[in-house]
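Notes for the one structure printed next.
The values are calculated or read from the model by the stated rules, or taken from the named source; none is laboratory data. Owing to the predicted nature of the structure, the values given are computational and were not obtained by experimental measurement. Glycine also receives a Cβ, built like all others from the backbone with ideal geometry; neighbour counts cover every protein chain displayed. Heads up: the accessible areas ignore ligands, DNA and RNA and are worked out on the full protein's heavy atoms, side chains in. Shrake-Rupley method; radii C 1.70, N 1.55, O 1.52, S 1.80 Å.
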Amino acid sequence: MAFLTEAANRGSISTGYDIDNSLKFEPDNSEYLKSNTTHAYTSPTSNQKGTVSFWIKRTEIGNGVSGKQMYIFASANSARYSNLGFDEFDNLTVFSGDSSWNSVSPYTYNKFRDTSAWYHIVLRYDTTDSTASNRLRVYSNGTEVSWVTAPNITQNGVMTYGALSGPTWHSWGTIYAYFTPEKFFAGYLAEAHFVDGQSLAPTEFAEYDANGIWKPIEYGGTYGNAGYYLDFADSGNLGDDESGNGFDFDENNIAAADQATDTPTNNFCTVRPMWTPHEAACSLLEGATVWKINMPSGSGFNPNTSAISTFQFNSGKWYWETTWTNDGDRSVLGIVSSLSDIEQTVDPDRYIW
């Protein structure tokens, strides 16, 4: 048996600065963006100072599965490269190299496993800073992350985020090391900024509201020679640079259908496996709005083939839509206990359908 189920629900309200679109990445389709040739050869304002800022919502996590790293942003110059993403244990990791082949590969104590929420990530670097701990800094939702091993960037080092002796390519949704894309990101990306020549605090891109919620604001600064801004508003050109520099990105295996309206200011309900690891025969597709099951013929109730929404509620009035296709005779849809995903059972009577 196989069926598909979709869920979508507006879960946010206006924050004063609304983000209308995001870009959905599917690792199964090897989807990614790569900077164009003009950008790759552009001399940056500075190879010692810069900022990368973006919002993401994960749809799949590593869950300790060997080799399941996912990279969001990377830059590569020949064999030298830098990147930012998640390891198989869902730690945020950074690899930053310089022109002298010095590199650091710190990872955080923080786990990023919430597939219902948007995260704002900022990476800033300034190798001219006399304080070693300030030369490479990363923030999550406005708070600086704690490192298991602290970054140790060489003072006045030349970083690989801009053109060095040859072209430097930026990529989103993959690591583009040695000019081969791999370890693709699963999730949504919004408000992708690269600011060349300035090490900026996260408060340039977001702020806390009266309820203590970290929310996006419009960036009003400049981008430098090699900077860019991707807002994903044009479905016919999802790599469009809105900074004014004109560094449009090449779209690889990305189509207009990958433009999404799930954003930090309009968070949608998606689905996730009720337990992990789920059956190998089950797949999350289309930005975690489709749950595909290939149940073996004659098998009984199996909780590992169940999916649950990323939104929970205990009051109010809610609306959702679900579409079944090729559902056979064993599909069920309804409401489960909020603890159902930590109480494994094969008893279908435990739940309300």
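Values as computed for the structure displayed
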quantity	calculated
Complete set of residues in the range 69-87 that are touching a residue at least 60 places away in the same chain (Cβ under 8 Å) and in a loop (DSSP other than H, G, I, E, B)	69, 78, 79
First in the range 306-326 and surrounded by 11 or more Cβ atoms within 10 Å (Cβ to Cβ), second anywhere and at pLDDT below 85 and not in a loop (DSSP other than H, G, I, E, B), Cβ under 8 Å, 6 or more apart	306/273; 307/273; 308/273; 308/340; 308/341
Among the candidates 116, 66, 130, residue that is among the hydroxyl-bearing types (Ser, Thr, Tyr), at pLDDT 90 or above, over 25 Å from residue 199 (Cβ atoms) and in a loop (DSSP other than H, G, I, E, B)	116
So residue 185, is it in a loop (DSSP other than H, G, I, E, B), closer than 20 Å to residue 120 by Cα and in contact (Cβ under 8 Å) with a residue 40 or more places away in the chain	yes
Within the range 142-152, tally of residues that are under 25 Å from the mean Cα position of the chain (by Cα) and in a loop (DSSP other than H, G, I, E, B)	7
Single residue of the range 217-276 satisfying the filter (more than 19 Å from residue 171 (Cβ to Cβ) and aliphatic (A, V, I, L, M)) that is nearest to the chain's Cα centre (by Cα)	260
Some residue of the range 95-111 being in a strand (DSSP E or B), at pLDDT 85 or above, of a type outside the set (D, E, K, R) and open to solvent by less than 30 Å² (accessible area, probe 1.4 Å)	no
Among residues of the range 202-222, those that are among the small types (Gly, Ala, Ser) and either touching a residue at least 60 places away in the same chain (Cβ under 8 Å) or buried (at least 17 other Cβ atoms within 10 Å of the Cβ) (or both), counted	1
Criterion violated by residue 235 - all others in (1) among the polar types (S, T, N, Q); (2) under 25 Å from residue 123 (Cα atoms); (3) touching a strand residue (DSSP E or B) at 6+ places or on another chain (Cβ under 8 Å) satisfied	(2)
Failed condition for residue 199, given (1) modelled with pLDDT under 95; (2) among the hydroxyl-bearing types (Ser, Thr, Tyr); (3) surrounded by 20 or more Cβ atoms within 10 Å (Cβ to Cβ)	(1)
Residue 155 assigned to a loop (DSSP other than H, G, I, E, B) and either in contact with a helix residue (DSSP H, G or I) (Cβ under 7 Å, 6 or more places away or on another chain) or at pLDDT 95 or above (or both)	no
Those residues of the range 199-232 which are out of contact with any strand residue (DSSP E or B) (no Cβ under 8 Å at 6 or more places or on another chain) and part of a loop (DSSP other than H, G, I, E, B), in sequence order	210, 211, 212, 213, 218, 220
Residue among 253, 267 that alone is open to solvent by less than 40 Å² (accessible area, probe 1.4 Å) and at pLDDT 85 or above	267
So residue 225, is it out of contact with any Gly (no Cβ under 7 Å at 6 or more places or on another chain), open to solvent by 50 Å² or more (accessible area, probe 1.4 Å) and without any contact (Cβ under 8 Å) to a residue 24 or more places away in the chain	no
